[in-house]
Every structure is written in structure tokens, then in C-alpha cells.
């Protein structure tokens with residue numbers, strides 16, 4: 001995971017969904033505490049039931065509010 005973080009310089013933030021929170025926290029990842037949603041052509045799809053989303057601050061990460069809303073592009077067959 002550290003190698004991954006060091007080799008994605010074009011991104012502003014890394015994000016993942018996991019059930020293994022403690023493992024990733026030891027590697028510097030942070031739990032996103034705020035609301036989550038997917039972005040689609042129809043607008044935002046809120047996912048209040050989603051748990052285990054974590055972020056990793058990278059060199060280009062702007063100031064973040066972990067209690068703010070985090071959105072992600074909707075993926076085929078799933079959001080997170």
C-alpha cells in the first residue's frame with residue numbers, strides 16, 4: 001500500500017472501501033466520517049448505509065474535512 005501511494009502522483013487523494021479498518025489505519029489511511037454519495041448522470045446517489053470508506057492523503061491532497069461529503073464516480077454495478 002505504501003508503494004501504491006508513492007506511485008500515484010497524478011491523483012489528489014486515494015480512497016478505498018474495506019472491512020479491515022485497523023490494518024489501513026496503521027498505514028496512514030483515515031476513516032471518512034461524513035456522508036457518502038456516488039455521482040451519476042442523474043445526479044448524486046446517497047449511500048448512507050455505506051461503511052468502511054477510507055482515504056489516504058497524498059502529496060497533492062487539499063485541506064479536507066473528514067466530516068464533509070465525499071463523492072465518487074459511480075461504477076458499473078456498484079458505487080463504492
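We did not get these values from a lab; they are worked out from the coordinates using the rules stated. Keep in mind that this is a model prediction, so the values were computed, not measured. Neighbour counts are summed over all protein chains in view; Cβ atoms, including those assigned to glycine, are modelled from backbone coordinates with ideal geometry.
Label-to-label distance for residue 59 and residue 42 is 4.1 nm, based on points extended 7 Å past Cα in the beta-carbon direction. Take every DSSP beta bridge whose two residues both sit in the range 2-73; close to 75 percent of them are antiparallel. Among 54, 1, sorting on how many other beta-carbon atoms sit within 10 Å of each Cβ, with the fewest leading, yields 1, 54. In percent, rounded to a whole number, the relative contact order of the range 2-73 is 43, using alpha-carbon pairs under 8 Å and six or more apart. Using the rule -39500 (n - 2.57) for each DSSP H run of four or more residues, divided by the residues of the chain, the 222 nm mean residue ellipticity is -2500 deg cm²/dmol. Across all C-alpha atoms in the chain, the radius of gyration and Dmax reach 12.8, 37 Å.
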